[in-house]
Amino acid sequence: LRRILEGEPDITVVAEASTAGEAVAALSRTKVDVVIVSSTADREAIRTSAIASLRLAANIKIICVSHWADARDVDSVLAAGASGCVEMFDATEADLKTAVYFVGRGERYLSPGLLDSGVVSDPGWEADYERLTAREKEILVLIAHSKSNREIARELNLSANTIAVHRNHIMKKIGVRKATALALYAAERGLLIGK
């Protein structure tokens, strides 16, 4: 994971720890914006008490990397104060770097694979949804109905390029990267109703 992050020019790895205690000690010596907690070697690394102790030690943002099998595990680390959850299989690709950027600027991030697979239904979706503008919500409903950018543009009397920009903003705000995940996000939350 360290090698993945060090390959990114505007991400600097400033410390590494084997336990939550070591991490808390490192946080007292070093300014850190984002902490990545990984369960690659130890499943206990992502337990809620470890996440909570890190949150108490410093005002930091936390990303948990694991093989997520149960939505309850994701729910519990988010409730304990984590801002992002990355599926271990996705971490070696762009996903971990993307998570760092999202979480670093104060946004929540869940691996698209978690949303796509149905392992997670994002317990904080209401907060993410409320961050959308009225126009973005309107476009999201039309996306849920499998409408293309051109079809949405015609219906709303806007350009297709404007719809594409709105679509990108929506995806960033709710933390998905694939159009299929965006449609699934909308459909699972009942946004198909009334159209």
Return the sequence-ordered ³J(HN,Hα) values of the range 134-148 in whole Hz as given by the Karplus equation 6.51 cos²θ - 1.76 cosθ + 1.60 applied to θ = phi - 60°, using x for Gly and Pro. 4, 5, 5, 5, 4, 5, 4, 4, 5, 5, 4, 8, 6, 7, 6
Scan around Trp68 for amide H atoms under 5 Å from its own, H built in the peptide plane at 1.01 Å from N, and keep only partners 5 or more places away or cross-chain. Met88
Probe 1.4 Å - accessible area at Ile174, Å² to nearest ten: 10 Å²
So what does Asp75 come to for accessible area, using a 1.4 Å probe and Å² rounded to 10? 60 Å²
Distant-in-sequence amide H partners of Ser38 (H built 1.01 Å from N, under 5 Å): Val65
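The values are calculated or read from the model by the stated rules, or taken from the named source; none is laboratory data. Bear in mind the structure is a predicted one, so any value in this text is a computation, not a measurement. Keep in mind that these areas ignore ligands, DNA and RNA; they rest on the heavy atoms of the full protein, side chains included. Shrake-Rupley method; radii C 1.70, N 1.55, O 1.52, S 1.80 Å.
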